[in-house]
Amino acid sequence: MPDTTRRRPLGHLVRRILPLAGLSLLLSACSLVRIDNPQNAWDPRGPIAERLDGLFWMVFWIAVGVFVVVQGAIIFAVVKFRDRPGRAMPKQVHGNAKLEITWTLIPALILAAVAVPTVRGVFDLTRCDSGALQVNITGHQWWFEYDYPDYGITTANVMVIPVDTPVCASMTSEDVIHSFWVPALNGKRYLIPGQTTVLPLEASEAGEYWAQCGEFCGLSHALMRARVVALPPDEFDAWVADQQTYPAEPEPGTPAFEGLQIFQQRGCAACHGVNYGPDSEFTNLLAPDAFNGPELTKFATRDVFAGAYLPRDGETRREALAAWLANPPDVKPGSFMPNLGLTQEEIDKLIEWLETLK
Ligand code: CUA
């Protein structure tokens, strides 16, 4: 058989490369068309995330420069020195001290230039300013708990912060390793049992930012979500004042009151605290070392629950609660909230009661 692999015209080369170039354009388009995703890591909404983003783009454009130069040199060599009929073998070169020093030195300088802001960023972005608003975050399978020690507030799933204010999250875990990630506000940081890690957060505009557990932590890891809500300072103060009040006790004889009784009698109260104030017979404070689910005192002020996974798109909170209370592990695989075999009537009354917790 004649050797056909050695003499290929330029057109053949172009026909080979064009489809590949088209494919890579198509693939990059896939990621670009969905740039408005709520967990988009390229949409910084605060000074810390902006710094990360700036670092990313700096490294990206340096990499683009390196890519163009290296690929350009390869393509130039491939085209210029390709085999053609009647052409002699190009000059063969082995070793060139000047060239080798140059192409060792240039990458070393580039790496050093990238390393300085990277290493500085690694330290700066995991350190809190003194005077930052303190929020303690505890990871649980599969939800995040937030404590505001300065305000005596404990809440879950929705973390409320003031806009344009440095926030310092001190984080730990109750069970396995989790990771708290609010792409719009900062990078990921582990929550480790028995240790405290620190994550500064700051939002420069009011809004709702989606967060996600960033470390595989069991069956419902992907459903371990969170919301960070940044409010203007006056609205944040109003939120704090509201969270510090106790919900009104339901009137005896109402469905909500019966719901509260079901909460107490059917086992819910073993894991969920609810605080009607020190003088109320309905206050249920868990022992500090008790296995706990989310604190329910201000449940109805949070628009998401079950690790910020519910309600799902197109579902009201009542619909989501009905499905959740009927069979938690069916909605969220592995959920430690068991199926208590509640009747539809019990579920309806529990929902009536939960809606009064505000
Ligand atoms: Cu918690 Cu993944």
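The amide H of Arg189, built 1.01 Å from its N in the peptide plane, has Phe180 as neighbours under 5 Å, considering only residues 5 or more places off or on other chains. Given their separation in residues at 0.36 nm each and the Cα-Cα distance between them, Leu105 and Trp61 gain 13.9 nm when the chain is fully extended. Estimated at 0.36 nm per residue, the fully extended path between Ser204 and Asn37 surpasses their Cα-Cα distance by 58.2 nm. Among Arg127, Arg266, Arg87, the residue with the largest mean-square fluctuation in a Gaussian network model of the chain, with springs joining Cα atoms closer than 10 Å, is Arg87. Straight-distance candidates among the lysines for linking to Lys80, with alpha-carbon spacing under 17 Å and chain neighbours fewer than 8 residues away dropped: Lys91. Extending 7 Å from the Cα toward the beta-carbon at both Ser130 and Ala290 defines two label points whose distance is 3.8 nm. Take the Cα of Glu355, step 7 Å toward its Cβ, do the same at Ala115, and the gap between the two points is 6.2 nm.
Backbone phi angles across region 310-317, fed through the Karplus curve with coefficients 6.51, -1.76 and 1.60 (θ = phi - 60°), yield HN-Hα couplings of 10, x, 7, 3, x, 10, 7, 4 Hz in residue order; Gly and Pro are listed as x. Taking the number of Cβ atoms within 10 Å of each Cβ as an exposure proxy, the fewest-first ranking of Glu281, Glu319 is Glu281, Glu319. Our note on the geometry: Cα centres of region 34-102 and region 263-303, 58 Å apart. Secondary-structure-derived ellipticity at 222 nm for the chain, considering helices only, amounts to -12500 deg cm²/dmol, per-run term -39500 (n - 2.57) for DSSP H runs with n ≥ 4. Please build a GNM for the chain, connecting alpha carbons under 10 Å apart, and tell me which residue among Glu145, Glu202, Glu258 fluctuates the most. Of Glu145, Glu202, Glu258, the most mobile in the Gaussian network model is Glu258.
Comparing Ala97, Ala226, Ala290 in a Gaussian network model of the chain, where Cα atoms under 10 Å apart are tied by springs, the biggest mean-square fluctuation is seen for Ala97. Within the chain, DSSP assigns beta bridges of which about 70% are antiparallel (rounded to the nearest 5). Relative to the longest principal axis of the Cα atoms of the chain, the long axis of helix 97-124 makes an angle of roughly 10 degrees.
The slack between Val68 and Val93, meaning 0.36 nm per residue of separation minus the straight C-alpha distance, is 6.6 nm.
Between Glu281 and Ile177, the FRET efficiency from the beta-carbon distance, with R0 = 35 Å, is close to 0.30.
Ranked for footprinting exposure by Cβ neighbours inside 10 Å, fewest first, Lys358, Lys349, Lys98 give Lys98, Lys358, Lys349. Can you classify region 240-358 as rounded, prolate or oblate using the Cα gyration tensor, where a ≥ b ≥ c are the square roots of its eigenvalues, rounded means a/c under 1.5, and otherwise it's prolate if a/b beats b/c and oblate if not? Note, shape of region 240-358 comes out rounded.
Throughout, read-outs are computed from the coordinates displayed, never taken from laboratory work. All values reported here derive from a predicted model rather than from experimental measurement. Glycine gets a Cβ as well: all are built from the backbone with ideal geometry, and neighbour counts include every protein chain shown.
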